[in-house]
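Before any comments, here is the structure.
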Amino acid sequence: MNQIVLIGFMGAGKTTVGNLVAEKMGCPQYDFDQLIVDKIGMSIAEYFDQYGDAAFRDIETAVLAEVDTLEGVLSTGGGIVLKDKNRTLLKKMPYVVYLKADLSELIQRVTHDEENVRPLADSKTPAEIEAIYRPRVPLYEESARIIIETTGKTPEEIVTEILKQVGE
């Protein structure tokens, strides 16, 4: 087992699916956002408020470079593909899986998610969320070795497809 990295837009289910994949494979699961929080010593929302998006993306790159040798499942944040350097780092990783979901489903999940703070989506209209989403799709596709269509599938069905694709 090497490393499975899950990418996709916010609300795509990266953490939920990542936990299930790790459980099935008997390996660790890493939440990329938590790794960032551990590095910066504050919440991502606080960091965004104090330093802005560009500084956050730099931290994201630094953490991604540090985790390239981690064994297990890594659930990334939705913006991981925005920087060229991040896409280059992702392409070097053995299994990068894009959890691709229908935009209307993602908007539904993001706008009804009371548990997670999403600095780029909270208080945004569906049109504003779409404006964030559309430019990222080709970047996710460029960065992934495996693309899993998740719309209408249960997390368990998605996990089964991932494990089949990575030969587990």
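Annotations
- Any chance Ile80 is within 21 Å of Ala131 (Cβ to Cβ), surrounded by 19 or more Cβ atoms within 10 Å (Cβ to Cβ) and modelled with pLDDT of 90 or more: yes
- Residue selected from segment 11-34 under the condition out of contact with any Pro (no Cβ under 8 Å at 6 or more places or on another chain) and buried (at least 21 other Cβ atoms within 10 Å of the Cβ), by the criterion nearest to Ile129 (Cα to Cα): Gly11
- Residue selected from segment 55-77 under the condition among the β-branched types (Val, Ile, Thr) and surrounded by 15 or more Cβ atoms within 10 Å (Cβ to Cβ), by the criterion modelled with the lowest pLDDT: Val67
- Checked against (1) under 22 Å from Leu163 (Cβ atoms); (2) touching a helix residue (DSSP H, G or I) at 6+ places or on another chain (Cβ under 9 Å), Gly18 passes all but a single condition, namely (2).
- A count restricted to segment 35-49 and to residues that are open to solvent by 40 Å² or more (accessible area, probe 1.4 Å) and either closer than 20 Å to Ser143 by Cβ or of a type in the set (S, T, N, Q) (or both) stands at 2.
- Ser104 meets the conditions (1) in a helix (DSSP H, G or I); (2) modelled with pLDDT of 95 or more in every case but one. The failed one is (2).
- Pairs meeting the criteria (first residue in segment 131-155 and closer than 9 Å to Lys100 by Cβ and touching a residue at least 24 places away in the same chain (Cβ under 8 Å), second residue open to solvent by less than 10 Å² (accessible area, probe 1.4 Å) and of a type in the set (Phe, Trp, Tyr), beta carbons under 6 Å, at least 6 apart or on different chains) are Tyr140/Tyr98; Ala144/Tyr98; Ile147/Tyr98.
The values are calculated or read from the model by the stated rules, or taken from the named source; none is laboratory data. Being a predicted model, the structure only gives us computed values, none of them experimental. All Cβ positions, glycine included, derive from the backbone under ideal geometry; neighbour counts span all protein chains shown. Keep in mind that these areas ignore ligands, DNA and RNA; they rest on the heavy atoms of the full protein, side chains included. Shrake-Rupley method; radii C 1.70, N 1.55, O 1.52, S 1.80 Å.
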